[in-house]
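Everything below concerns the one structure shown next.
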Ligand code: ZN
């Protein structure tokens, strides 16, 4: 089973199209939230994800877009962009965003936006936070986003190992528990401006569609993770953002990937 895992698309339809073209035929598309916010095309991105039947979870921006008090925690630029987003989204987009669950399990893999213990808000940036979240996994693999940086945190003899996409293009998972982040499609922050995502090639696991139980085989074991980057027309997205009077800092960061 070949799955394209996308996170933090942030209303960037041009980047989403580049990623889908780069991924080619896949069995499923999973998204890890923050479908909207920051970018210029929230309705277009949601329409496209609905069209391809993407399954996923809610991010803090998605919650804010449908009226959630999450907006109170946004910095001034994010807040301005979210206020604009709220005026743009149509009923179909609103309904689809509102129905996104905070977490879901597909093929034995947990999907969340921030972290397994705090699905909307936690940034997994430190070994301590990775450790705490690995320890509370129901299965052996969780997919998460939110930091906009592509990495894998996994169990190691002496604590936690951090595997950076910057250092390796692919990893074969074993039976150690892992937290896997595809980076951001629509607003990368790892210093590389191209759209980031990953392909997960999973061997079939009998019974893994149901809930994961202690003692089950590690769902991720044998899976190959390939982090990929797709170039897209950044300038076109920046122009659309300027036309919408979105904050200059948000326009600028797309070309920096930071
Ligand atoms: Zn985000």
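The values are calculated or read from the model by the stated rules, or taken from the named source; none is laboratory data. As the structure is a prediction and not an experimental result, all values here were calculated from the model. Here the Cβ is made from the backbone with ideal geometry for all residues, glycine too, and neighbour counts use every protein chain on show.
Checked against the criterion of being loosely packed, with under 12 Cβ neighbours inside 10 Å and at pLDDT 85 or above, the range 221-235 has at least one qualifying residue.
How about the range 186-200: which of its residues are near the ligand (Cβ under 10 Å from one of its atoms) and under 14 Å from residue 19 (Cα atoms)? Walk me through it before giving the result.
Start the filter on the range 186-200 by keeping residues that are near the ligand (Cβ under 10 Å from one of its atoms), which leaves 186-187, 189.
Hits for the range 186-200 are 186, 187.
Looking only at the range 110-129, filter to residues that are farther than 20 Å from residue 219 by Cα and not in a loop (DSSP other than H, G, I, E, B); which one of those is nearest to the chain's Cα centre (by Cα)? That would be 129.
This table checks each residue for (1) in a strand (DSSP E or B); (2) in contact with a strand residue (DSSP E or B) (Cβ under 6 Å, 6 or more places away or on another chain); (3) within 16 Å of the ligand (Cβ to nearest atom).
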position	(1), (2), (3)
4	yes, yes, no
10	no, no, yes
15	no, yes, yes
18	no, yes, no
34	no, no, yes
40	no, no, yes
49	no, no, yes
58	no, no, yes
62	no, no, yes
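Summed over the range 105-155, residues that are away from the ligand (no atom under 16 Å from the Cβ) and either crowded, with 20+ Cβ neighbours inside 10 Å or touching a residue at least 40 places away in the same chain (Cβ under 8 Å) (or both) total 19.
Taken together, the criteria exclude residue 68 from residues that are touching a strand residue (DSSP E or B) at 6+ places or on another chain (Cβ under 9 Å), surrounded by fewer than 24 Cβ atoms within 10 Å (Cβ to Cβ) and at pLDDT below 95. For residue 160, the conditions (1) part of a loop (DSSP other than H, G, I, E, B); (2) in contact with a helix residue (DSSP H, G or I) (Cβ under 9 Å, 6 or more places away or on another chain) are fulfilled apart from (1).
Select, from 95, 79, 50, 58, the only residue that is surrounded by fewer than 17 Cβ atoms within 10 Å (Cβ to Cβ) and under 17 Å from the mean Cα position of the chain (by Cα).
50
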